[in-house]
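One structure is given below, encoded as C-alpha cells.
The values are calculated or read from the model by the stated rules, or taken from the named source; none is laboratory data. Please read all numbers here as calculations on a predicted model, not as lab measurements. Heads up, the Cβs are rebuilt from the backbone with ideal geometry, glycines too, and the neighbour counts pull from every protein chain shown. For accessibility, only protein heavy atoms count, side chains too; no ligands or nucleic acids. Shrake-Rupley method; radii C 1.70, N 1.55, O 1.52, S 1.80 Å.
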Amino acid sequence: MDTVILFPAIDLKDGRCVRLKQGDMAQATVFNDDPAAQAAEFEAQGFEWLHVVDLDGAFAGKPMNAGAVEAILGRVAFPVQLGGGIRDIATVEGWLAKGVRRVIIGTAAVRDPAFVREAAKAFPGQVAVGIDARDGFVAVEGWAETSSLAAVDLGRRFEDAGVAAIIYTDIARDGMLQGINWDGTIALAGALTIPVIASGGLASMADIERLCAPDAAILEGAITGRALYDGRIDPAAALARIAQADKGQAA
C-alpha cells in the first residue's frame, strides 16, 4: 500500500459510542453518548477514515443503530466504513446510497459467500469482508459462535471476488489493550492478495511504531478504539509518525 491508514473506531450500542472487551456485550464501556460528535472530533484530529460497527446489528442480523449512523454521515465529510448486521444486498445498497463509503460483511461471508460475491460485483471497491477470529478460526453472529473455518481459508474464498479489503480482528486481543496480533495479521496479509486491515488490541504508541515497520507496509492499515478513548494514543503524534513512515518508504 502507498499509505498506511489509521482508522479510529466507533462501536454503536443502544445509540451510544461504546467499547467492548473481547466482543462481550456485557462488558461495554460507554465513551460518548453522541457518536456524531465523536466522529466529528476524530475528523478534526486529522484522521482520514472512520470505522463504525453496529454492535446491536451484528447480533440482530439487521441494522439496529441506523439513526446514529445517519447522524454520523450527516456530520462528517471523511469516508466511513460500516459493519454489523449487513446480511443482504438491499442493506448494502441502502447504506451506500446514504453515504457509507464501504460496507463490511462479516457473518454473511461465512453463511452466504455468494452474497459477498454479488455485492462486490454490484459495488466495486465498496465491499469489505470482516474476518473475526478466535484461535485462528472464524467467529460469527457478533462473535457469539466460533465456526470450524480457518481465517485464511475464508479469505481465500474471496480472492477473485473483487473484495476491497479484509478487516481481520483477533478477538482475544479486542479491547484488551494487549497489542495487535501482528504476526498473525501480517501472515494473513501475505497469504492473500486482498488488502488486510489489522484490528483488535492496538494499545499504545509502540503499536503505532510496529505499524510503521517495513513488514507491516503490506497492511492497508489498522483500527484503533479503546486506546484512543483512554488517551493511550495521542492522535497527532500517531498520525505524524505514520506520515513520517509513509514518506520514508516512498523515498
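Candidates in the stretch 180-231 are the residues that are hydroxyl-bearing (Ser, Thr, Tyr) and closer than 20 Å to Glu41 by Cα; of these, the one that is surrounded by the most Cβ atoms within 10 Å (Cβ to Cβ) is Thr224.
Taken over the stretch 191-241, the criterion of being assigned to a helix (DSSP H, G or I), touching a residue at least 60 places away in the same chain (Cβ under 8 Å) and closer than 21 Å to Ile10 by Cα is satisfied by Ile208, Leu211, Arg226, Leu228, Tyr229, Pro235, Ala236, Ala238, Leu239. Scanning the stretch 104-131 for residues that are closer than 15 Å to Gly61 by Cβ and in contact with a Ser or Thr (Cβ under 8 Å, 6 or more places away or on another chain) gives Val110, Gly130.
Within the stretch 98-112, which residues are on the phi < 0 side of the Ramachandran plot and either open to solvent by 40 Å² or more (accessible area, probe 1.4 Å) or modelled with pLDDT of 95 or more (or both)? Scanning the stretch 98-112 gives Lys98, Val100, Arg101, Arg102, Val103, Ile104, Ile105, Arg111, Asp112.
With respect to the conditions (1) in contact with a helix residue (DSSP H, G or I) (Cβ under 9 Å, 6 or more places away or on another chain); (2) at pLDDT 95 or above, Gly67 lacks only one, and its number is (1).
Residues in the stretch 61-83 that are open to solvent by 20 Å² or more (accessible area, probe 1.4 Å) and not in a loop (DSSP other than H, G, I, E, B): Ala66, Gly67, Glu70, Ala71, Leu73, Gly74, Arg75.
The listed residues are Asp207, Asp183, and the only one of them that is acidic (Asp, Glu) and under 20 Å from Leu50 (Cα atoms) turns out to be Asp207. For the stretch 130-172, a residue qualifies if it is out of contact with any strand residue (DSSP E or B) (no Cβ under 7 Å at 6 or more places or on another chain) and either polar (S, T, N, Q) or crowded, with 21+ Cβ neighbours inside 10 Å (or both), and exactly one does: Gly142.
Residues in the stretch 18-35 that are open to solvent by less than 30 Å² (accessible area, probe 1.4 Å), touching a residue at least 40 places away in the same chain (Cβ under 8 Å) and either β-branched (Val, Ile, Thr) or not in a loop (DSSP other than H, G, I, E, B) (or both): Arg19, Leu20. Considering only residues of the stretch 84-97 that are part of a loop (DSSP other than H, G, I, E, B) and open to solvent by 30 Å² or more (accessible area, probe 1.4 Å), which is farthest from Phe42 (Cα to Cα)? Taking the candidates together, the pick is Asp88.
Contact map, the stretch 101-127: first residue without any contact (Cβ under 8 Å) to a residue 60 or more places away in the chain, second residue among the hydroxyl-bearing types (Ser, Thr, Tyr), Cβ cut-off under 9 Å, separation 6 or more or different chains; pairs are Val103/Thr91; Val110/Ser147.
Quick test of your reading of the structure: Glu118 fulfils all but one of (1) open to solvent by 20 Å² or more (accessible area, probe 1.4 Å); (2) under 26 Å from Ala243 (Cα atoms). Name the failing condition by number. Of the numbered conditions (1) open to solvent by 20 Å² or more (accessible area, probe 1.4 Å); (2) under 26 Å from Ala243 (Cα atoms), the odd one out for Glu118 is (2).
Tallying residues that are assigned to a helix (DSSP H, G or I) and in contact (Cβ under 8 Å) with a residue 12 or more places away in the chain within the stretch 164-186 yields 4.
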